[in-house]
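Take a look at the structure below.
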Amino acid sequence: SHFLISVMPVLYVPACVRILEYWGVIAQNVTAIVTVTVTSTFLVFAVSALVTNRLLKRKGGKENG
């Protein structure tokens with residue numbers, strides 16, 4: 001972990017520079033980007049909860065709610 005922390009600027013600076021280069025395109029589509037990000041985040045939450053619930057039932061654990 002110390003190595004990754006020490007090279008973190010090398011990993012993130014190029015990505016940030018590319019984002020700044022395309023900021024005009026990103027700014028035009030910010031609503032769509034935020035919508036997709038929020039929707040996919042909640043979809044992942046829901047699928048994770050369903051899978052966890054099913055695995056707990058299969059294992060014989062207690063259901064909370």
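The values are calculated or read from the model by the stated rules, or taken from the named source; none is laboratory data. These numbers come from a predicted model, not from an experiment. So basically every Cβ, Gly included, is an ideal-geometry build from the backbone, and we count neighbours across all protein chains shown. Protein only, heavy atoms only, side chains kept; ligands, DNA and RNA dropped before computing areas. Shrake-Rupley method; radii C 1.70, N 1.55, O 1.52, S 1.80 Å.
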For the range 42-51, take each phi angle, set θ = phi - 60°, evaluate the Karplus expression 6.51 cos²θ - 1.76 cosθ + 1.60, and give the result in whole Hz per residue in order, putting x for glycine and proline. 5, 5, 5, 4, 5, 5, 4, 5, 5, 5
Positive-end residue of Asn29, Ser1, Ser48, charge dipole of the chain with Cβ unit charges: Ser48
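In the chain, what trypsin sites (Lys or Arg not before Pro) fall in a loop by DSSP, with at most 16 other Cβ atoms inside 10 Å?
Taking the chain and a limit of 16 other Cβ atoms within 10 Å, the loop trypsin sites (Lys or Arg not before Pro) found are Lys62.
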Using alpha carbon coordinates only, what is the Rg to Rh ratio of the chain, with Rh defined as the Kirkwood radius? 1.24
In the range 1-46, carbon and sulfur make up what percent of the accessible area (probe 1.4 Å)? 79 percent
With axes computed from alpha carbons, what is the tilt in degrees of helix 8-21 against the longest principal axis of the chain, rounded to the nearest 10 within 0 to 90? 70 degrees
Probe 1.4 Å, protein heavy atoms only - accessible area per residue of the chain in square angstrom: 95 Å²
Got a number for the accessible area of Ser6? Probe 1.4 Å, square angstrom, nearest 10. 80 Å²
